[in-house]
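FYI, it's all coordinate maths here, none of it is from the lab. Here the structure is a predicted model, which means the values were calculated and not measured.
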Amino acid sequence: MVTEQLEGEVAREEIGQETREGHPMILYEVTTKQGERTDVYYQWWATDIHFPMKLVRKNSSWSMEYQHVKIRSLPDSLFQLPMFFRPFEENKQDSARPATWKKN
């Protein structure tokens, strides 16, 4: 589950609204604290799909952006193993020996 709040978040202020990629967004300035380190980010939160579309560190040293996001159901078949799948089982005796090369 995606949450609006960032890890270590200590402050959040709405600073604007806009539309990006067809999604209505709220732009936040978010402050986080991890130990002694404090960072400030800009977060674009898509209100229609409840998803963070963009996150940028205020000093521009880091950014992440999603594009073409679609929230929809996927068929179960995408999560099934292929019909002839066989798990690889390593032979413990062979793994103790160093590999050797064979000449043709």
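Taking 14 Å as the straight-line reach from the Cα of residue 70, the aspartates and glutamates in range (excluding those fewer than 8 positions away in the same chain) are 21, 48. The distance separating the Cα centre of region 3-28 from that of region 34-69 comes to 8 Å.
Evaluate the Kirkwood expression for the hydrodynamic radius of region 1-59, namely the inverse of the mean inverse distance over all pairs of different C-alpha atoms, and round to one decimal in Å. Answer for region 1-59: a Kirkwood hydrodynamic radius of 11.7 Å.
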